[in-house]
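*Asks:* Below is the structure I would like to discuss, written out as structure tokens.
The values are calculated or read from the model by the stated rules, or taken from the named source; none is laboratory data. It should be emphasised that the depicted structure is a prediction, and the values quoted were computed from it without experimental measurement. All Cβ positions, even for glycine, are placed from backbone atoms using ideal geometry, and neighbour counts span all protein chains on display. Ligands, DNA and RNA are excluded from the accessible area calculation, which covers all protein heavy atoms including side chains. Shrake-Rupley method; radii C 1.70, N 1.55, O 1.52, S 1.80 Å.
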Amino acid sequence: MENNSLAKNLTYQRKLKGYSQEDLSEKTNVAVRTIQRIEKGDTNPHLQTIKLLAAALEIEVEDLLELENPKTENLQKKWLLLLHGTPILGLVLPLCNILFPLFLWIHKREDNPIYEVHGRAVINFQITMTFLFILSFIALITIEGLGFFFFVAVIPFTIIVTMFNIVLAINSQKCYYPLAIPFLKNKRNRNSKNLGMIWAFGLIGLMGCNSSISQDISRLSETTIARDSLNSKIEQLMSDAQVHGMAVSIFNGDTTTYQKTFGYKDFKNKLPLTDSTNIYGASFSKAVFAVLVMKLVEEGIIDLDTPLESYLPKKIYEYEPLTRWHDNFSDLASDTLYHKITTRMCLAHTTGFPNWRWFEADKKLKVKFEPGSRYQYSGEGMVYLQVILEKILNKNLESLAQEHIFKPLGMKNSGYRWYERFEKDFAYGHSALGELYHKDTDNEPRGPSTLETSAMDYTKFLEAVLQGKLISKASWAALFTPQIGIRSTRQFGPLSNEETTRYDGIQLSYGLGWGLFKTPYGFGAFKEGHGDGFQHYSVVFPKVGKGIMIMTNSDNGEGIFKELLEVALGDTYTPWEWENYIPYDQK
């Protein structure tokens, strides 16, 4: 791919549409800075980025790209001939009109966008024609006269269109398949392609092969549980433990294989919880914030190991607070350690800050030990990092999260602040006795704690984590690399200061924003959430592409986590005692 050719074509097409770089960024969720670099020829963008730009400009991907040389063009013609020509073998070998081009498309679509476009068109047409052939055969049997003409017309029509497109593709690199149903659609995520493949293999099932999609969920050990059995178990656990509402998503093969909500968003009025209901995310906020920070690290805004205060022109405590409390660092004027704190320490919970200043006897913010020396969970550390970033970029947390996380993933019901649109459908938190907590709607955006989301949205986020989206492979590796070992008996409370070797076997540690533990299935990366009436847990195992998300709006939620993790995912490795997830029947 020639950067200069792409740069010229993108600039020409954008101006032809009358779009500014900011307009195009808004339509595609591609950062303005990225568009600027493409138009300068400074970067070689990913194919997916080019697809987004082409879709927004209402042009074909090929209109932005040019062939590199005649040899490439000749090779390209040969592949196009195979894509468009192999369906003819379906006249001799049943279903090969779909399977051969499908195989070629799967293996070549990432090499050049023209293969993706042409392959998709061929497969859609061949699936459509196969369906029509089945219908015409039924018509032949059931409709006298007209059914015969329908039957004999399908195959000649298919052959004529196929031959026409072989010539068209070789001569002009274009194709035209009338009547094709778009089973494979040109969307922004991999799931749309997976859906198209399911249609294709579903067709094979119609022809007599057993390709039914398994209704079972695969656990870590490759044992399975039926969906109905899991539904019944969840309902039993919720009833026994008096959990008022819950959402569960399970991931197999890096994608969502199970997603279901149970119970109520408002137990008193028996209003059901749905996957689009707004749920307070609590410390799920931190997992999202960590990915956002790594995105900014990639862009060179900050470095993981540079003391954060060095990015500012004056001391952090000299700034006038702009919020009710969280950016007031006046307590640090006499502190001799805070200036050592880095981004890595904030994400790994080794800053020395308390979890929250109001938990201190004097309600003051202070660094309680040498930064970087040991683990102590701290929301204040992430708030400190957030405030530094906001001052560097002159942007607030919410706009950064929308730009880099929520909009790219289609998380339309998520934000670090409350929006009026959430009023229509939100979940109350419930006490252990089922009483409703007051819903906070005036929180100022804070990276570690104020996420408002939904089961559907956070499922999208975890799926992106498993699929390695949003940030580079190297950044994901950094996030999931142990930064500090953990030997505390509990994560919180008096036992958090007591050491133990109990968790050495799983090498319990913290990465950047995520807790980590070792298993036979690779490391598990976990993040929990806990607030009044909201208790959540998620864990993913990237090596095997599996994971689970549990969100509850009940103070009784954590009492069923241990058993649910074991039943649904076969996860016996999560350090439930360290998390204080005491089973409901042991309290």
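*Asks:* R0 = 56 Å: FRET efficiency of I582 with E420, Cβ-based, nearest 0.05? Please report the intermediate quantities before stating the final value.
*Replies:* Numbers: r = 39 Å, r/R0 = 0.69.
Here the calculated transfer efficiency is 0.90.
*Asks:* Here's something else I'd like to know. Enter the angle in degrees (range 0 to 90, nearest 10) between the Cα long axis of helix 190-206 and the first principal axis of the Cα atoms of the chain, meaning the one along which they spread out most.
*Replies:* Relative to the chain, helix 190-206 is tipped by roughly 50 degrees.
*Asks:* Here is a further query. Tell me the accessible surface of W356 in square angstrom (1.4 angstrom probe, heavy atoms of protein chains only), to the nearest ten.
*Replies:* 30
*Asks:* Could I have the simple spin-label model distance between L495 and L82, label points 7 Å from Cα toward Cβ, reported in nm to one decimal?
*Replies:* 6.0
*Asks:* Further question on the same structure: Given R₀ = 51 Å, FRET efficiency for K391-V92 by Cβ-Cβ distance, to 0.05?
*Replies:* Values: r = 69 Å, r/R0 = 1.36.
Plugging the Cβ-Cβ distance into 1/(1 + (r/R0)^6) gives 0.15.
*Asks:* Quick one: Debye curve from the alpha-carbon atoms of the chain only, equal weights, vacuum; give me log10 I(q)/I(0) at q = 0.06, 0.08, 0.09, 0.10 Å⁻¹ to two decimals.
*Replies:* Per q value, in the given order, log10 I(q)/I(0) is -0.39, -0.67, -0.82, -0.98.
*Asks:* Top to bottom by accessible area (1.4 Å), largest first, where do L99, L16 land? Intermediate values should be presented prior to the final figure.
*Replies:* On the way: L99 60, L16 110 Å².
Largest accessible area first, the list is L16, L99.
*Asks:* In bins 10 Å wide, starting from 0, what share of all Cα pairs of the range 436-508 does each bin hold, as a percent?
*Replies:* Here the calculated profile for the range 436-508 is 14, 24, 34, 27, 1.
*Asks:* If contacts are Cα pairs under 8 angstrom and at least 6 residues apart, what is the relative contact order of the chain in percent?
*Replies:* Working: 1011 pairs, mean separation 75.7, N = 587.
Reported as a whole number, the value is 13 percent.
*Asks:* When the expected Rg is taken as 2.2 N^0.38 Å, what fraction or multiple of it is the alpha-carbon Rg of the range 241-384? Kindly include the intermediate steps, with their values, before the conclusion.
*Replies:* Values: Rg = 19.6 Å, N = 144, 2.2 N^0.38 = 14.5 Å.
Ratio of Rg to 2.2 N^0.38 Å for the range 241-384: 1.35.
*Asks:* Sticking with this one: In whole Å, how far is the Cα centre of the range 301-362 from that of the range 10-56?
*Replies:* Measuring centre to centre over Cα atoms gives 37 Å.
*Asks:* Going by alpha carbons, how many degrees (0 to 90, nearest 10) lie between the helix axis of 284-298 and the longest principal axis of the chain?
*Replies:* Around 70 degrees separate the two axes.
*Asks:* May I pose another question? Let me know the Rg and Dmax you get for the range 522-587 when you use only its Cα atoms, in Å.
*Replies:* So, for the range 522-587, Rg and Dmax equal 11.5, 35 Å respectively.
*Asks:* Any chance you could get the radius of gyration and Dmax over the Cα atoms of the range 2-63, in Å?
*Replies:* 10.0, 25
*Asks:* For the pair F369 and R502, how long in nm is the line joining their label points, each one 7 Å along Cα→Cβ?
*Replies:* If labels sit at F369 and R502, their model points lie 1.8 nm apart.
*Asks:* What does the charge count near G429 come to, summing +1 for each Lys or Arg and -1 for each Asp or Glu among other residues with Cβ under 14 Å from its Cβ? Please report the intermediate quantities before stating the final value.
*Replies:* On the way: positive: K265, K268, K439; negative: D266, E435, D440, E452, D532, D555, E558.
Result for the local shell: -4.
*Asks:* Considering all alpha-carbon pairs of the range 70-172, what whole percent are spaced by more than 18 angstrom?
*Replies:* On the way: 2595 of 5253 pairs.
Here the long-distance tail beyond 18 Å is 49 percent of all Cα pairs in the range 70-172.
*Asks:* Which links in K473/K543; K27/K391; K340/K518 stretch past 20 Å when you go from one Cα to the other?
*Replies:* On the way: K473/K543 13 Å; K27/K391 27 Å; K340/K518 30 Å.
The answer is K27/K391; K340/K518.
*Asks:* How much length would be gained if the chain were fully extended between F137 and Y437, taking 0.36 nm per residue of separation minus their Cα-Cα distance, in nm to one decimal? Before the final figure, lay out the partial values.
*Replies:* Working: separation 300, 0.36 × 300 = 108.00 nm, distance 6.23 nm.
Extra length available between F137 and Y437 comes to 101.8 nm.
*Asks:* Just tell me which aspartates and glutamates come within less than 12 Å, Cα to Cα, of K185; anything on the same chain fewer than 8 places away is out.
*Replies:* Candidates past the 8-residue exclusion: E116.
*Asks:* Another question about this same structure. Report the local net charge at D532: Lys and Arg +1, Asp and Glu -1, summed over other residues whose C-beta lies under 10 Å from its C-beta. Show your work: numbers first, answer last.
*Replies:* Values: positive: none; negative: D440, D555.
Neighbour charge sum, excluding D532 itself: -2.
*Asks:* On the full set of protein chains, 1.4 Å probe, figure out the accessible area of R37 and give it in Å² to the nearest 10.
*Replies:* Number for this one is 110 Å².
*Asks:* Sticking with this structure for a sec: Let me have the relative contact order for the range 70-172, percent, based on Cα pairs under 8 Å that are six or more residues apart.
*Replies:* Numbers: 93 pairs, mean separation 29.4, N = 103.
With pairs under 8 Å counted, the relative contact order is 29 percent.
*Asks:* On to the next question. How big is the shadow of the Cα convex hull of the range 456-587, averaged over all directions, in nm²? Show your work: numbers first, answer last.
*Replies:* Values: hull surface 33.6 nm².
Taking a quarter of the hull surface, the average projection is 8.4 nm².
*Asks:* Residue by residue, what Karplus-based ³J(HN,Hα) values in Hz, rounded to whole numbers, does the range 373-378 have, using 6.51, -1.76 and 1.60 with θ = phi - 60° and x for Gly and Pro?
*Replies:* Karplus-based 3J(HN,Hα) across the range 373-378 equals 8, 7, 8, 8, 3, 8 Hz.
*Asks:* Using only DSSP helix segments of four residues or longer, with each worth -39500 (n - 2.57), what per-residue ellipticity at 222 nm results for the chain after dividing by its residue count and rounding to 500?
*Replies:* Calculated from helices alone, the mean residue ellipticity at 222 nm is -12500 deg cm²/dmol.
*Asks:* Cα axis of helix 227-241 to longest principal axis of the chain: angle in degrees, 0 to 90, nearest 10?
*Replies:* Rounded to the nearest ten degrees, it is 20.
*Asks:* For a quick check of understanding: with a 1.4 angstrom probe and all protein chains in place, what accessible area in square angstrom does D442 have, to the nearest ten?
*Replies:* Approximately 90 Å² for this residue.
*Asks:* Still on this structure, I have one more. Okay, which of the range 568-582 sit inside 16 Å, backbone N to the point 7 Å along the Cα-Cβ direction of K260?
*Replies:* Answer for the range 568-582: 568-570.
*Asks:* Right, here's the next one. From the protein chains alone at 1.4 Å, what is the descending order of accessible area for S172, S373, largest first? Can you show the working numbers first?
*Replies:* Details: S172 45, S373 70 Å².
Putting S172, S373 in descending order of accessible area: S373, S172.
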